[in-house]
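> Have a look at this one.
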Amino acid sequence: MQTPAISDIFGHIPTFVWAILALILMVGLLQSRDQWMTRRRLMLVPTIWLAYGVWGVVSSFGYSAGAVLPWVFGLLASLSLVRRSGWSGGCRFDSARGQFFVPGSWLPLALMLGIFMAKFAVGMSAALQPELLASSAFASSFSALFGAFGGAFLGRSRNILNCSNSMIEGQLEAS
């Protein structure tokens, strides 16, 4: 079996994939700057990436326990690690505005590119070696990875949302 040339591979990638990559780069660059966010907007990013991760797992590996359980495990492990890390330290809540100050970070861009590359790798694997999709090790590894990425975003948002709880508790203790 002859290995396809890289130009042949890239020639078969749908245009919408490049549009998704451009969107990821744009959103990631925005995340690198300090900004104020509402609670709703703060939960938008993890919601999108959780949905994208679930879609990546189900569309590639189906609803099997061997695919879904590693996704849940990756999500919970990453959520726990990020919550303990305190990622997004420096956040604060302005009750008058009803918004959260979120320090800029390049990490969201890195995570978004990681999700994109993982989904891209699964898609390329499916096209070049479809038998890999039937491998439980392949499915569980990528499923756990998709869950871990989603858990990282969810953990960050929860840490930021807890800024308002910490500030309220600090104000109560001071009075």
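The values are calculated or read from the model by the stated rules, or taken from the named source; none is laboratory data. From a predicted model like this one, the values you see are computed outputs, not experimental measurements. Cβ sites come from the backbone with ideal geometry, for glycine too, and all protein chains shown count toward neighbours. Just so you know, the surface numbers come from the protein's heavy atoms only, side chains and all, with ligands and any DNA or RNA stripped out. Shrake-Rupley method; radii C 1.70, N 1.55, O 1.52, S 1.80 Å.
> Apply 1/(1 + (r/R0)^6) to the Cβ-Cβ distance of Asn162 and Thr15, taking R0 = 41 Å, and write down the FRET efficiency to the nearest 0.05. Let's see the in-between values first.
Details: r = 41 Å, r/R0 = 0.99.
The calculated FRET efficiency here is 0.50.
> Additional query: For the range 15-124, with the dipole built from +1 on Lys and Arg beta-carbon atoms and -1 on Asp and Glu ones, taken about the Cα centre, which of Val45, Ser59, Ala118 lies farthest toward the positive end?
Val45
> Using only the alpha-carbon atoms of the range 30-120, report the extent along each of the three principal axes, biggest first, to the nearest angstrom.
47, 24, 22
> Using the Cα centre as the reference, give the magnitude of the dipole from point charges on the C-beta atoms of the chain (Lys, Arg: +1; Asp, Glu: -1; all else neutral), rounded to the nearest 20 debye. Don't jump to the answer; show the numbers that get you there.
Working: 11 positive and 6 negative charges, 90 e Å.
Dipole size: approximately 440 debye.
> Using the alpha carbons of the chain, what is the convex hull volume per residue in cubic angstrom, as a whole number?
121 Å³
> Out of residues 5 or more away from Arg92 or on other chains, whose amide H comes under 5 Å of its own, with H placed 1.01 Å from N in the peptide plane?
Counting only residues 5 or more places away or on other chains, the set is Phe101.
> Test of understanding: extend the Cα→C-beta vector of Thr38 to 7 Å, then name every residue of the range 82-102 with backbone N under 18 Å from that spot.
Correct set: 93-102.
> Here's a follow-up. Please list, by residue number, every one of the trypsin sites (Lys or Arg not before Pro) in the range 91-147 that is coil in DSSP and has at most 12 other beta-carbon atoms within 10 Å. Could the numbers behind the result be given before it?
Working: sites: Arg92, Arg97, Lys119; in loops: Arg97.
Counting only loop positions with at most 12 other Cβ atoms within 10 Å, the trypsin sites (Lys or Arg not before Pro) in the range 91-147 are Arg97.
> Would you calculate the separation in nanometres between label points at Leu76 and Asp8, each defined as 7 Å from the Cα along the Cα-to-beta-carbon direction?
4.5 nm
> If you don't mind, there's one more thing I want to ask. Give me the accessible area per residue for the chain, probe 1.4 Å, as a whole number in Å². Don't jump to the answer; show the numbers that get you there.
Working: 9940 Å² over 175 residues.
I get 57 Å² per residue for this part.
> For the chain, which whole percent of the accessible surface, found with a 1.4 angstrom probe, sits on carbon and sulfur atoms?
Numbers: 6610 of 9940 Å².
Here it works out to 67 percent.
> Next question. Per residue, how big is the convex hull of the range 78-138 when only Cα atoms are used? Give it in Å³.
Values: hull volume 7.6 nm³, N = 61.
Roughly 124 Å³ of hull volume per residue.
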